[in-house]
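What follows is a single structure, written as structure tokens, with notes after it.
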Amino acid sequence: MIDFDFHLERGAFTLQLASRIPGNGITALFGRSGCGKTTLLRCIAGLERRVRGHLHMQGEVWQDQQCFLRPEQRAIGYVFQEGRLFPHLSVQRNLEYGLRRIPASQRRIEFAEVVELLGLRELVKRLPNELSGGQRQRVAIGRALLTCPQVLLMDEPLAALDAISKAEIMPYLERLHGELAIPVLLVSHSLEEVSRLADHMLLLDGGRLRAEGPLLQMLTRTDLPLAHSDNASAVLEAKVLNNTDDHMSELVCGGGHRLLISRENVVPGQEVRARILARDVAVALEPPTASSVSNCLPVRILEISDDPHPGHVLLRLDLDGQALLSRITRRSRERLALAPDMKAYALIKGITLN
Amino acid sequence: MGDWLHPQDLTALWLTLRLAAVTTIVLLILGTPLAWWLARTRSRCKLVIESLVALPLVLPPTVLGFYVLLMLGPQGPIQALGGPAFAFTFTGLVIGSVLYSLPFVVQPLQNAFVAVGDEILEAAAALRAGPWDRFASVVLPLSLRGFLTATTLGFAHTVGEFGVVLMIGGNIPGETQVVSIAIYDHVEAVDYRSAHMLSALLLGLSFVMLLLLYMINGRYRIGATNS
């Protein structure tokens with residue numbers, strides 16, 4: 001548990017944030033730029049000296065009225081947006097920098113393990129200026145991990161990267177999530193990134209906490225801007241059943257519902273997140289008998305809300321306790337006389353896997 | 001070389017090099033924390049201190065020397081407070097030279113420290129490095145060029161001083177007579193040959209020092225030492 005209550009004033013900007021973040025999994029700090037995401041990370045790291053309030057990290061006091069631990073006294077791993085590798089040190093020495101500065105008894109993470117996890121073996125002899133952006137970020141993550149932190153703070157680790165580097169580093173982040181029991185705070189303004197990686201979300205707005213909760217709920221809450229954004233989506237946690245001969249994969253999600261997707265790089269038994277965009281979900285009152293759409297799930301309409309586009313409405317659908325979003329036209333809604341609590345069928349045209 | 005230089009000139013040369021070396025060491029010891037403070041502070045005093053440090057760049061050395069003489073001389077505050085008589089001693093020369101060459105050491109160091117930047121230091125702090133550790137493991141290696149420049153300029157500038165020495169050191173062979181003063185003496189005595197010898201020596205020495213500095217600075221790139 002990461003328990004904090006921060007108050008910081010800096011010019012016209014005021015940060016006033018309190019929360020208790022789960023002590024495991026990835027928590028996304030989400031919001032527009034200037035909403036205080038990075039400042040919150042810096043407060044947790046001890047880099048903002050003027051912040052008032054308290055911070056209890058897994059039961060340890062890092063800040064309260066009496067005490068303020070300096071950054072070097074806090075067991076954090078900080079991955080900065082631009083990597084911030086030491087330009088005069090080789091990758092190996094960069095990785096070892098923090099490792100050498102923690103007591104031997106605290107070294108729970110092996111050098112070789114990190115090198116393997118992040119695919120750094122070929123890079124250890126190089127200097128930072130000989131690395132690509134993606135490689136640099138991997139080294140920065142490794143360097144932070146090797147200090148065996150109690151929390152990993154990641155400030156938009158992908159923001160400075162191009163699409164190719166992003167695609168290259170994403171699998172490593174997902175492995176981190178799967179293989180290490182270190183809570184992660186991830187600053188991001190990319191909804192896609194967050195829906196791929198996070199378990200929990202803090203939505204910030206103007207230095208304050210707008211809402212927080214488990215990611216799957218947050219994504220589909222119609223009182224929040226996420227569900228109304230252009231690429232609003234729901235996420236279903238699913239398991240791969242099998243890969244078919246015609247290059248498809250069959251998934252099963254909660255309630256035993258089957259989903260069929262074009263084959264991606266998955267193996268049977270694997271746990272995956274199926275991301276379904278609101279604009280890719282259509283609604284029918286009866287299951288279509290002749291349609292190209294393969295995924296047709298029985299749902300109940302929970303809620304119908306206005307969408308930014310005046311011609312659209314947003315439906316929140318219940319699939320045996322899992323939420324789906326569907327964006328349809330106002331005209332269709334009237335034609336089908338859709339109303340809350342009605343039973344319907346969700347026709348899902350597109351599903352992306354992580 | 002003994003045939004070419006008077007024994008007194010050799011003494012002056014040796015004294016000059018010793019003065020420059022001692023002054024440079026003192027300046028590095030005092031200038032490093034001062035430059036660090038100037039590079040990091042947001043205090044309003046910064047501009048005042050910066051201007052004071054830069055004063056020797058524009059002030060006639062005789063003005064500087066005159067005030068140092070007043071400070072150190074028999075009626076000066078140092079002796080009034082029971083301090084030793086520094087005027088016309090080697091120590092007095094060192095004090096004067098330190099003030100005179102201060103900007104040549106502080107400014108390159110300050111620029112180097114500014115160039116290191118807060119970002120990389122925050123990264124080091126987040127990796128458990130305390131303030132001294134950060135200075136030794138990050139700031140020093142990243143400001144090597146600044147230290148090299150500061151050392152060379154501080155040394156070379158002290159070798160070349162005249163006015164300050166004249167005011168507070170006088171012209172005591174073996175104690176305060178440096179090369180530039182010896183040259184002046186030779187010219188006064190119309191001994192152009194001796195003046196020539198010493199001048200050429202100083203010219204060559206200064207040129208070689210600066211050439212070495214620029215060569216090393218040109219070749220040295222951040223990180224290139226660590227492959």
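The values are calculated or read from the model by the stated rules, or taken from the named source; none is laboratory data. Please read these numbers as outputs of a predicted model, since none were measured by experiment. Don't worry about glycine lacking a Cβ; one is built from the backbone with ideal geometry, like all the others, and counts go over all protein chains shown. The accessibility values were calculated without ligands, DNA or RNA, using every heavy atom of the protein model including side chains. Shrake-Rupley method; radii C 1.70, N 1.55, O 1.52, S 1.80 Å.
Observations
- Note on the protein assembly as shown: helix-only mean residue ellipticity at 222 nm, from DSSP H runs of 4+ residues weighted -39500 (n - 2.57) and normalised by residue number, equals -13000 deg cm²/dmol.
- The aspartates and glutamates whose alpha-carbon is closer than 17 Å to the alpha-carbon of A:Lys349, local same-chain residues fewer than 8 away aside, are A:Asp230, A:Glu250, A:Glu264, A:Asp280, A:Glu286.
- Under the Debye formula (equal points on every Cα, no solvent term), log10 I(q)/I(0) of region A:4-120 at q = 0.15, 0.16, 0.20 Å⁻¹: -0.85, -0.95, -1.27
- Taking chain A as a Gaussian network of alpha-carbon nodes connected by springs under 10 Å, the highest mean-square fluctuation of the residues A:Ala234, A:Ala274, A:Ala290 belongs to A:Ala290.
- Degrees between helix A:163-179 axis and first principal axis of chain A (Cα, 0 to 90, nearest 10): 80
- Neighbourhood charge, 12 Å Cβ-Cβ cut-off, centred on A:Glu237 and excluding it, Lys, Arg +1 and Asp, Glu -1: +1
- Contact surface B-A: accessible area buried, both sides summed, square angstrom, 1.4 angstrom probe: 2000
- Considering only region A:2-214, percent of DSSP beta bridges that pair antiparallel, nearest 5: 60
- Take each residue in B:115-126, count the other chain C-beta atoms within 10 Å of its C-beta, and the mean is 6.
- Ordering of B:74-86, B:150-162, A:48-60 by burial proxy (mean other Cβ atoms within 10 Å per residue, highest first): B:150-162, A:48-60, B:74-86
- Kyte-Doolittle mean at least -1.0, axial Cα span of 18 Å or more - DSSP H helices of chain B: B:7-40, B:45-58, B:90-116, B:144-159, B:192-219
- Hz values of 3J(HN,Hα) by residue in region A:186-192 - Karplus curve (6.51, -1.76, 1.60), Gly and Pro given as x: 10, 7, 7, 10, 9, 4, 5
- Average other protein chain Cβ within 10 Å of Cβ, residues B:141-148: 1
- Cβ charges +1 (Lys, Arg) and -1 (Asp, Glu), total dipole of the protein assembly as shown, debye: 460
- Counts of other chain beta carbons within 10 angstrom of each beta carbon in peptide A:147-155 average 1.
- Based on Cα contacts under 8 Å between residues 6+ apart, chain A shows a relative contact order of 15 percent.
- Couplings 3J(HN,Hα) of region A:60-66, computed from phi: 8, 7, 9, 7, 8, 4, 8 Hz, in residue order, whole Hz [Karplus 6.51 cos²θ - 1.76 cosθ + 1.60, θ = phi - 60°; x for Gly and Pro].
- Between helix A:133-145 and chain A: long-axis angle, C-alpha atoms, 0 to 90°, nearest 10: 70
- Using a Förster distance of 51 Å, the FRET efficiency for A:Arg300-A:Asn129 (Cβ separation, nearest 0.05): 0.35
- Classified by the C-alpha gyration tensor, region A:237-354 has a prolate form. Its axis ratio a/c, with a ≥ b ≥ c, is 1.5 or above, and a/b is larger than b/c.
- When peptides B:16-26, A:159-169, A:85-95 are ranked by their average number of other Cβ atoms within 10 Å per residue, the highest-first order is A:85-95, B:16-26, A:159-169.
- The phi-based Karplus calculation (6.51 cos²θ - 1.76 cosθ + 1.60; θ = phi - 60°) puts the 3J(HN,Hα) values of region A:309-321 at 6, x, x, 10, 10, 10, 9, 9, 10, 10, 10, 6, x Hz, whole numbers, x for Gly and Pro.
- Expressed as a whole percent, the accessible surface of chain B that belongs to carbon and sulfur atoms is 70, based on a 1.4 Å probe.
- Residue of B:Ile95, B:Ile120, B:Ile181 that the Gaussian network model of chain B assigns the largest fluctuation, springs spanning Cα pairs under 10 Å: B:Ile120
- Here's how it looks for A:Met342: its modeled amide H is under 5 Å from those of A:Ile301, which are all 5 or more places away or on a different chain.
- Accessible-area loss of 40 Å² or more (1.4 Å probe, protein heavy atoms, chain alone versus all protein chains) is found in region A:86-114 for A:Phe86, A:Pro87, A:His88, A:Tyr97, A:Arg101.
- Nonpolar atom fraction for chain A, defined as the carbon and sulfur part of the 1.4 Å probe accessible area, stands at 47 percent.
- Among B:Val165, B:Val190, B:Val68, the residue with the largest mean-square fluctuation in a Gaussian network model of chain B, with springs joining Cα atoms closer than 10 Å, is B:Val190.
- Shape category assigned to region B:38-99 from the gyration tensor of Cα positions, a/c cut at 1.5: prolate
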